[in-house]
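Taking it in order: structure first as structure tokens, then the write-up.
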Amino acid sequence: MEQKLLKTGADSLKKAALNEDAKEFILKNDTIFKVLKKAANRYIGGESTNEALKTVREWNNKGFDVTTDFMGESIRNEKDANKATAEFVQFAKAIKRENLNSSISLDLSHIGLLVSNDLATENLRIICNEAQKMNQEVIISMEGTDRTDRILDIYVETLKSYKNLGITMQAYLHRTKDDFKEVAKLSGSIRMVKGAYETPDGLSIKRGSELDQIYLDYVEQLLSQNHRCSIASHHEKIHQESIKLIKKLKPTNYVLERLLGIRNEELIEYKGKGLNCRIYIVYGKEWYLYLCNRWAEYPLSMFQGIADIVEEK
């Protein structure tokens, strides 16, 4: 019964995260915005570029690599897509100016994918070009299955011109078995995730031991080839098994990655043992969707959110 309730809660939170009307309502309601923001603060690096830079600096000072994402997706007009692109460029310049270490992560739908492939491609090139000047990597996040083909096509084409580009692969999709074979032949880095988006029946593998092993099989292939990769997971078993592979295969082009605010204490332990580790930091005002997704991963964390909301600050 408990597992059924947790699944129901997780499914509801995922739906809430995708509800654009709810997001718009919260962004315009100052009282609700301020209340929920207290819960979101645990997971975000701030709302502004300067706040994000401060968070990046804190983790750099602890010896961590960082990747930073200006939150947002599903932009449906060219003006907002170009505005988001300008923010990514500004952030890249600020990282260089402040002598910090951070790659850039982004959703293609934040920079124009839902307007047109051409707009998303052009804006991605603008960001990659600026980041390349600073020796920074740009990593494309993966989105819903209705966008997978377009994201992969844009990645493959843009990588021909910008070698500082990487891609995210979702282990839970059946199609990834074939996609991975092609993407792994390319020079760009690969971030492996299990996958969190809801999918139509038959397209994905349920979470559990089978998916864990499939994920680790992808990781082993990447590590054995010393292919640049990120092992992005909050599942301790995944990272512990990956560490065994790292000790066996002795690769150098890897990082163990976790989101800010989620089991970071374990990542600090890994770092202390000499392993390559990276923190994924997000910033911006589009934190409603992000907060719902974090709670959906483990609905009981909503109780921590309630504690964060009522705590006097």
Please verify whether the stretch 105-116 includes one or more residues that are without any contact (Cβ under 8 Å) to a residue 24 or more places away in the chain and of a type in the set (A, V, I, L, M, F, W, C).
no
Residues satisfying the stated conditions in the stretch 40-92, i.e. of a type outside the set (Lys, Arg) and surrounded by fewer than 15 Cβ atoms within 10 Å (Cβ to Cβ):
SER48, ASN50, GLU51, GLU58, ASN61, GLY63, ASN77, GLU78, ALA86, GLN90
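Any idea which of ASP65, ASP69 is closer than 27 Å to TYR197 by Cβ and out of contact with any Lys or Arg (no Cβ under 7 Å at 6 or more places or on another chain)?
Of ASP65, ASP69, the one residue that is closer than 27 Å to TYR197 by Cβ and out of contact with any Lys or Arg (no Cβ under 7 Å at 6 or more places or on another chain) is ASP69.
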Check the stretch 199-213 and report whether any residue there is farther than 30 Å from ASP118 by Cβ, surrounded by 21 or more Cβ atoms within 10 Å (Cβ to Cβ) and out of contact with any Cys (no Cβ under 9 Å at 6 or more places or on another chain).
no
Exactly one of these conditions fails for ILE140: (1) among the aliphatic types (A, V, I, L, M); (2) more than 27 Å from ASN77 (Cα to Cα); (3) at pLDDT 95 or above. Give me its number.
(2)
Which members of the stretch 46-64 meet the condition of being over 24 Å from GLU269 (Cβ atoms) and of a type in the set (Ser, Thr, Tyr)?
SER48, THR49
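Mind listing just one residue for me: the one in the stretch 31-69 that is aromatic (Phe, Trp, Tyr) and touching a residue at least 60 places away in the same chain (Cβ under 8 Å) and, of those, farthest from ALA86 (Cα to Cα)?
In this case the residue turns out to be PHE64.
Looking at ILE95, ILE151, ILE127, ILE167, which is the one that is crowded, with 18+ Cβ neighbours inside 10 Å and in contact with a Gly (Cβ under 7 Å, 6 or more places away or on another chain)?
ILE167
The values are calculated or read from the model by the stated rules, or taken from the named source; none is laboratory data. Worth saying up front: this structure is predicted, and the values here are computed from it rather than measured. Here Cβ is always computed from backbone atoms with ideal geometry, including for glycine, and neighbour counts include all displayed protein chains.
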